[in-house]
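Worksheet: one structure, shown below.
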Amino acid sequence: MFWRSIKNSLRRVFPVLSGCVVLLLAGCVSSGVETAVQEGEGLLLKDIYKDFFPIGAAVAAGETGFDSFQSYPKRILGEFNSLTAENAMKPSVLQPTRGRFAWKYADRIVQYAEDNNMKVRGHTLVWHNQTPQWMFLGKGTQEERKAFARKEMKAYISAVVGRYSGRIYCWDVVNEALSEGGWYRVESPWYQAYGDQSYIQDAFDFARQADPDCRLFYNDYNLVYPHKREMVIEMIEELDLKSHGLTGVGIQAHWNLTWPTIEEIEKTIDLFYSHGLEVQITELDINCYDWSDENAVLPYSEVEQALADRYRAIFDCFRRNSHKLSGVTFWGVADDHTWLDHFYGGAWHEKVRKNYPLLFGISQEKKKSYHAITRFQKGKKFHKE
Ligand code: GLA
C-alpha cells in the first residue's frame, strides 16, 4: 500500500520533475557554454587573454595625418597590452632623407607604451615597400652597389634598433622577402642591390649586433598557403637564419570571412612551432569582402554576424594553440581607420570602399566580434606547455 502510493505519486510528479531537469540542463547548456570572464566583469581584452598571449594593435602617431592617441580614448587603447607602429617605424618615415632621422612619431608610440605598461613590436626594418630610394643609389658594378646598400642598411639598423634597444622587445627585421608563387622576391630593391638573397642574413646580423636580447622576426603574408610557408622554412634553413639571430616568424593574417580555413591556420602555426620558432600573429584583420570583389559595397549590418562567427572560430583556434603563440596583433584599433577602406581589387584607391575588419566599430563601439572573442567557456584550460 505504502509503496503503491509512493509509486503513484512518483508517476504523477515524474513528468514534472523530468521536465524541470530538462529545463535546468537546457539552461546550463545555453548560458553555461558561452559564459565567460568578460567585459561585464570590468575586464579588458588584455585581461581576458592574459593567460593566453599579449594582444596588440597597430597605431598611428600623426605621421600620415591620423593620430590614434588623439582619436581613441585610453579606455579603448587600454584594451591592448602591445603596440605596433602602423607606419611610424618604416624607413620612409624614420629616415626620409639620408642622414636625417625623424624620430618624433616612433618616439611617441614607444613613450605611450611605456607610460601605459605596454610592449612594443618594432615593424619593420628591411622591406621592398616604404623604403627611400637613396638607400639604393650606389653605382658601378654589382659589388659596388651591394657595398653601398649594405653600408646604408647597417647604418640604418644600428641607429634604429640601437635607439630602442631594451624598449622594443621584438622587431620584424625582414618583411615579405618571398614572392607569391616562386622563391625570393627578386624585384625587391634590396635583392637588386645585393644581386642575391644574402641581404636577409645581413639584416638579421645587424639587428642582432644592435640589440643582443631583442626577438627577431621574419614577417610575411599568405603563409597559410602550404607552398609559401614551406618556402619560409626553406629560406630559414638555406640561409641558416637562426645563426644570424632570427628567433621567430610573424604571420600577418590579412584574412577574410571565408579564407583561410581554420585547419590551414592551425597547420601554419604548427609548422613554424615545430621548427623551434617563436610564432606571432602580427597584422590580423578580417576583410568583409572577397579580394577580387572590388565593386561590392555592403552595410555593416549585413556582415556583422558572419564577422563575429569568423572571429569566434579564429580565436578558439588561437586559444587552443596559445602555447605555440607569443602574441596576436590587430592591424588597427577601430573600423574608422583601416587600410582596407582604400586597398581593394589588388590596388590602393583614393575612394573609400567601407570595410569593417576590426573589433571596434566606426563610432568606436564594441562590435559583436568583440563579444564573440571575449565570451568563451569559463574554466576550459588551454595552458602553456
Ligand atoms: C603589409 C605591411 C604592413 C602594412 C600592410 C597594409 O602587411 O607589413 O606594414 O603596410 O601591408 O597596410
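Some values worked out for this structure:
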quantity: Relative contact order [Cα under 8 Å, 6+ residues apart], the chain, whole percent; calculated: 16
quantity: Proportion of all alpha-carbon pairs of the chain beyond 39 Å (%); calculated: 22
quantity: Under Karplus coefficients 6.51, -1.76 and 1.60, residue-wise ³J(HN,Hα) of region 87-104 in Hz, glycine/proline x; calculated: 9, 5, 10, 8, x, 5, 8, 6, 9, x, 10, 4, x, 10, 7, 10, 7, 3
quantity: Farthest toward positive dipole pole in region 105-192 [+1 Lys/Arg, -1 Asp/Glu at C-beta], among Gly122, Tyr105, Gly138; calculated: Gly138
quantity: Unit charges on C-beta of K, R, D, E only; dipole of region 144-262, Debye; calculated: 420
quantity: Fluctuation leader among Ser92, Ser198, Ser292 - the chain, Gaussian network, Cα springs under 10 angstrom; calculated: Ser292
quantity: Calculated log₁₀ intensity ratio I(q)/I(0) where the Debye formula runs over C-alpha points of region 257-317, q = 0.21, 0.22, 0.27 Å⁻¹; calculated: -0.92, -0.98, -1.22
quantity: GNM result for the chain, Cα springs below 10 Å: residue of Val174, Val110, Val186 fluctuating most strongly; calculated: Val186
quantity: Tilt relative to the chain, helix 226-238 - C-alpha long axis, 0 to 90 degrees, to 10; calculated: 50
quantity: Whole-Å distance, taken between Cα centres, linking region 240-278 and region 324-357; calculated: 20
quantity: Selection from Trp255, Gly62, Pro73, by position along the positive dipole direction of the chain (Cβ); calculated: Pro73
quantity: Relative contact order (percent, whole number), region 253-372, Cα cutoff 8 Å, 6+ residue spacing; calculated: 31
quantity: Listed residues Ile233, Ala313, Asn355: farthest to the positive end of the dipole of the chain (Cβ charges); calculated: Ala313
quantity: Long-range HN-HN contacts of Gly332 with modeled amide H, under 5 Å; calculated: Ala58
quantity: Rg [Å, one decimal], Dmax [Å, integer] - region 298-385, C-alpha atoms; calculated: 15.1, 47
quantity: Beta bridges per DSSP with both ends in region 224-330, % antiparallel, nearest 5; calculated: 0
quantity: Region 235-348: C-alpha pair distances exceeding 16 Å, %; calculated: 65
quantity: Only Lys, Arg (+1) and Asp, Glu (-1) charged, at Cβ; the chain dipole about Cα centre in debye; calculated: 1520
quantity: Percent of beta bridges antiparallel (DSSP, the chain, rounded to nearest 5); calculated: 15
quantity: Relative contact order for region 137-191, counting Cα pairs under 8 Å that sit 6 or more residues apart, in percent; calculated: 18
quantity: Estimated dipole of region 226-280 in Debye, rounded to 20 [Cβ of Lys and Arg +1, of Asp and Glu -1, Cα centre]; calculated: 160
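No value in this document is a laboratory result; all are computed from the given coordinates. In this text the structure is predicted, and so the values were computed from the model without any measurement. Here Cβ is always computed from backbone atoms with ideal geometry, including for glycine, and neighbour counts include all displayed protein chains.
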